[in-house]
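Undergrad: Pasting a structure below so you can have a look.
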């Protein structure tokens with residue numbers, strides 16, 4: 001289920017913000033006697049929006065200029081109009097407290113006549129560097145050390161490179177893996193001075209950390225089922241107790257590929273070492289940040305709502321072929337849709353190109369061009385035939401169809417070909433599901 005774009009709306013907040021020096025309570029500590037305080041915020045333009053990431057922005061880009069205006073019911077209160085406005089970027093921690101992540105640029109402005117303007121401000125970190133947490137912007141209005149009001153923005157996904165949004169890069173980690181790799185032994189090799197030290201990768205938190213950080217292991221398998229089976233002592237998959245499905249492994253794979261919407265599974269990890277725990281959390285969150293499956297520390301899992309998924313190496317062997325078929329069918333469908341969309345775009349571009357060439361050659365072609373004569377020298381009877389404007393438009397339209405109909409024919413044939421292939425594919429899928437149901441019965 002994709003999120004639909006809504007306006008970039010600021011809303012009041014009374015949360016707590018943990019800064020580098022103190023804990024700030026955003027609940028107002030002073031109010032105007034004349035009535036409620038209203039803070040109007042205008043942005044020069046909206047941030048980017050996509051169905052996958054919702055609101056998103058690039059770390060190296062300036063945040064769109066922000067202008068704020070303080071409004072009071074009683075305008076005869078100049079002392080309230082000369083206060084400070086502070087712009088902050090925060091992330092929401094698991095304990096419900098915001099933590100400041102920092103901004104670059106001038107983030108504090110004095111209100112002059114009740115107005116302030118923020119320009120040239122950037123994020124100084126990314127969502128990936130904060131274990132997948134999206135950021136919120138907060139505008140804090142204060143007088144001395146007193147909080148007047150605070151507004152927060154919707155969550156914003158901040159990245160630092162284009163590849164962070166590459167769908168292929170995100171989906172390659174959820175492709176089903178061959179079961180034989182579950183029985184393979186791995187070791188981490190590191191250079192220490194002039195010696196090469198080998199550290200065996202065992203079924204514990206150190207082993208999981210060594211596997212994720214081993215420079216000698218190429219093309220690591222990072223599928224959550226592989227990690228949960230290989231490192232079962234520190235990683236577990238949970239599912240909602242109320243959910244009903246015939247095969248949890250197949251349903252988990254389907255929801256793992258799902259980008260948005262309600263998910264019924266949790267990837268849980270645990271570690272008593274803060275350094276290792278932070279590295280594991282950061283890696284797992286970066287891998288599955290665009291998936292609807294949640295990643296969290298095991299101690300935060302509510303086991304009254306969730307229970308451990310029952311799986312082992314044998315069950316994965318049994319489900320492997322079905323997992324591959326499901327992923328292949330999904331990828332084929334996506335590829336077919338992309339190809340059809342590309343063909344449609346090519347057709348639109350071709351039509352636009354022909355229209356532009358027609359315009360550059362003197363605008364719309366005249367219905368009189370076949371005479372190859374000056375308009376004044378046309379025969380009278382032919383001129384009378386074209387006196388009616390509707391007749392002129394009809395003849396022009398007919399000539400344009402004759403001129404350009406043949407040129408568009410190859411594109412239309414290609415579209416018909418892809419549509420035929422898509423119909424065959426859907427018929428194959430339908431037959432496959434019928435066979436699958438008959439086997440289960």
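Undergrad: Express the relative contact order of the range 11-161 as a whole percentage, based on alpha carbon pairs under 8 Å and six or more residues apart in sequence.
TA: 30 percent
Undergrad: In what sequence do 97, 17, 196 fall when counting other Cβ within 10 Å, fewest first? The partial results should precede the final answer.
TA: Values: 97 13, 17 21, 196 10.
Lowest to highest Cβ neighbour count: 196, 97, 17.
Undergrad: How much length, in nm to one decimal, is gained on full extension between residue 199 and residue 220, taken as 0.36 nm per residue of separation minus their Cα-Cα distance? Each step should come with its number before you reach the end.
TA: Details: separation 21, 0.36 × 21 = 7.56 nm, distance 1.66 nm.
Gain on extension, residue 199 to residue 220, equals 5.9 nm.
Undergrad: Right, something else. Tell me the relative contact order for the range 166-311 as a rounded percent, counting alpha carbon contacts under 8 Å between residues six or more apart. Could you put the intermediate results ahead of the total?
TA: Working: 197 pairs, mean separation 35.0, N = 146.
Reported as a whole number, the value is 24 percent.
Undergrad: Additional query: So if R0 is 56 Å, what FRET efficiency would residue 40 and residue 246 give, r being the distance between their Cβ atoms, rounded to the nearest 0.05? List each step's numbers first, then the result.
TA: On the way: r = 54 Å, r/R0 = 0.97.
Calculated transfer efficiency: 0.55.
Undergrad: Please list, in order, the residues from the range 207-242 whose amide nitrogen is less than 12 Å from a point placed 7 Å along the Cα→Cβ vector of residue 190.
TA: Under 12 Å, as judged by backbone N against the label point of residue 190, lie 207, 209-216 of the range 207-242.
Undergrad: How far apart, in nanometres, would the label points at residue 14 and residue 432 be if each is projected 7 angstrom from Cα along the Cα-to-Cβ direction?
TA: With each label point 7 Å from Cα toward Cβ, the separation is 5.4 nm.
Undergrad: Taking square-rooted eigenvalues a ≥ b ≥ c of the alpha carbon gyration tensor, is the range 11-161 rounded, prolate or oblate, where a/c under 1.5 means rounded and, failing that, a/b exceeding b/c means prolate?
TA: Details: a/c = 2.11, a/b = 1.59, b/c = 1.33.
Note, shape of the range 11-161 comes out prolate.
Rule-based calculations on the coordinates, nothing more; no lab input. Quick caveat, the model's predicted, so the values are computed rather than measured. FYI the Cβ positions are ideal-geometry reconstructions off the backbone, even for glycines, and counts take in every protein chain you see.
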